[in-house]
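To start, the structure itself, in C-alpha cells.
Here, each number is a calculation from the coordinates, and none is a lab measurement. Computed from a predicted model, the values in this text were never measured in an experiment. Cβ: placed from backbone, ideal geometry, glycine included. Neighbour counts: every protein chain shown.
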Amino acid sequence: MRITEHPILNFVRGEEVSFYFDGQILMGYEGETIAAALHAAGIKVLGHSQTMHRPRGLFCAIGNCSSCLMVVDGEPNVRICVEKLKSGMRVETQLGKGCLR
C-alpha cells in the first residue's frame, strides 16, 4: 500500500521502526507521518464521527481538518496526518473529543 516510485518525487525513507496502534505492533519509517504508516499497513478508518458514528478516514492530509485526530503517547487530539512517526510510539484511536489525562 506504500508508493515506492513516482515520476517526479523522490522518496527518502528513514530507518524502519516499530510502533503500536491500538495495542498492535506495526512497522513504518521514521520521519513519515503516522497516517502514512497506518495507510501502508492497510488501516483506513481513523475514527468515527461523533454524532452519526460513521467511519472517518484521511481527508485533507495537511492538518486543517479534524478527521485524523488520535491519541499519541497519551496526548489526545494529535493530527496524525502531519505528526511524524518515531520508534515505539503508541497511537490509539480517539473516542469522542478526547480528554487530557
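Taking the beta-carbon count within 10 Å as an exposure proxy, list Tyr29, Tyr20 from fewest neighbours to most.
The most exposed by this proxy come first: Tyr20, Tyr29.
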Calculated from backbone phi, Karplus (6.51, -1.76, 1.60) coupling profile of segment 48-56 in Hz, x at Gly/Pro: 9, 5, 6, 8, 9, 6, 7, x, 10
How big is the dipole moment of the chain about its Cα centre under a simple scheme where the beta carbon of each Lys and Arg is +1, that of each Asp and Glu is -1, and everything else is neutral? Debye, nearest 20, please. 400 debye
